[in-house]
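Beneath this line is the structure, given in structure tokens, with notes to follow.
The values are calculated or read from the model by the stated rules, or taken from the named source; none is laboratory data. Since we're looking at a predicted model, the values are computed, not measured. Cβ: placed from backbone, ideal geometry, glycine included. Neighbour counts: every protein chain shown.
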């Protein structure tokens, strides 16, 4: 894959034909759009995509993020991470419940947290929660459907982004999942 600085060198080269410059300009634009994203916008889009899940449960989904917080990462992968975690938070929350999505800068990284006040996960099950096909025992309580692949996918995407993921949960009180993503500019 050609890197953005190389693309700009090709565009600046006076010997490069205009149609080639245009092609490389479009490639650079596509890469930049994929890599840079206003985080508040991404979180709001994820919230709206999941509306079909939270509105019938009459839930509140709150987003707390600096409107100018920009993240340099694979926007598609990050969006998948956020929508999957939000989907789980909604799925395992009570009707009329609340989910908080927050994002903030933390040194050279961005920290995204999704916190619910739902049924939680038993402490003994936490070490296995990111295994493929693993479903915690609480899923039978809610009738939540799934195959146990969502958190395994999230973990894999975090590895691709060089991000760290952690989970804290208290059975019957709720869960908080935090993703720490390097924000290399």
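Residue-level check: of (1) within 22 Å of residue 170 (Cα to Cα); (2) in contact with a strand residue (DSSP E or B) (Cβ under 9 Å, 6 or more places away or on another chain); (3) surrounded by 15 or more Cβ atoms within 10 Å (Cβ to Cβ), residue 122 misses just (3). Among the residues making up segment 50-74, those that are in contact with a helix residue (DSSP H, G or I) (Cβ under 6 Å, 6 or more places away or on another chain) and over 17 Å from residue 111 (Cβ atoms) are 50, 53, 54, 61. Taking the criterion of being touching a strand residue (DSSP E or B) at 6+ places or on another chain (Cβ under 8 Å), under 16 Å from residue 183 (Cβ atoms) and modelled with pLDDT under 90, the residues of segment 72-97 that qualify are 72, 73, 75. Only one entry in 122, 104 is over 23 Å from residue 45 (Cα atoms), in the same structural domain as residue 72 (by TED's automatic domain parsing) and at pLDDT 80 or above, namely 122. Among residues of segment 157-182 being under 16 Å from residue 79 (Cβ atoms) and touching a strand residue (DSSP E or B) at 6+ places or on another chain (Cβ under 7 Å), the one that is surrounded by the fewest Cβ atoms within 10 Å (Cβ to Cβ) is 161. Please verify whether segment 55-71 includes one or more residues that are out of contact with any strand residue (DSSP E or B) (no Cβ under 8 Å at 6 or more places or on another chain), surrounded by 15 or more Cβ atoms within 10 Å (Cβ to Cβ) and part of a loop (DSSP other than H, G, I, E, B). The answer is no, given that none of the residues of segment 55-71 is out of contact with any strand residue (DSSP E or B) (no Cβ under 8 Å at 6 or more places or on another chain), surrounded by 15 or more Cβ atoms within 10 Å (Cβ to Cβ) and part of a loop (DSSP other than H, G, I, E, B).
Out of the residues in segment 86-119 meeting the condition of being assigned to a strand (DSSP E or B) and surrounded by 20 or more Cβ atoms within 10 Å (Cβ to Cβ), tell me which one is nearest to the chain's Cα centre (by Cα).
The selected residue is 112.
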